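Read through the structure below, which is laid out as structure tokens, and then see the notes.
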Amino acid sequence: MLEEKIIKWGETKDIALAYDICEYLLKHQSAEKLIADVAAWGRDKGLKDPKAQLNKVIEEVGEMAHEVCRNRYDSGMMTDAIGDTLVTVIILADILGYDPIDCLDEAYCTIKERKGETKNGTFVKE
């Protein structure tokens with residue numbers, strides 16, 4: 001996605017596209033720093049066991065499910081549950097030696113062109 005924008009900007013020199021690229025880079029850089037800080041926090045706390053960390057991921061996903069099942073989408077508890085889930089997944093990826101941004105990018109590249117339809121609120125690929 002970013003590469004396509006950069007190539008297009010190289011061809012057009014469109015100033016609006018340049019701003020989009022800069023905005024993306026600034027957001028991405030800050031997300032990268034936050035992810036690095038979370039991973040470092042996990043290492044500083046001695047979190048090394050992938051099975052124990054997976055249990056934490058499941059616990060936090062359970063808290064998210066608790067809020068969703070009660071239709072509490074706008075509660076502070078939902079923000080906390082999503083944030084805690086992200087933290088636990090980032091730490092698990094770090095323990096296993098994966099870069100969470102690379103994992104997310106690879107997953108998105110896999111699904112972005114996927115064809116299918118939404119049935120009963122769930123996307124079903126062709």
So how many residues does region 65-90 have that are crowded, with 17+ Cβ neighbours inside 10 Å and of a type in the set (A, V, I, L, M)? 5
Restricting to region 1-16, name every residue that is in a helix (DSSP H, G or I), closer than 25 Å to A107 by Cα and hydrophobic (A, V, I, L, M, F, W, C). L2, I6, I7
For residues that are surrounded by fewer than 20 Cβ atoms within 10 Å (Cβ to Cβ) and over 12 Å from the mean Cα position of the chain (by Cα), scanning just region 93-102, find the one that is farthest from V68 (Cα to Cα). G97
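None of the figures in this text is laboratory data; all of them are computed from the coordinates on show. The model shown is predicted, which means the values in this text are computed figures rather than measured ones. For neighbour counting, all protein chains shown are included, and Cβ atoms are generated from backbone atoms with ideal geometry for every residue, glycine included.
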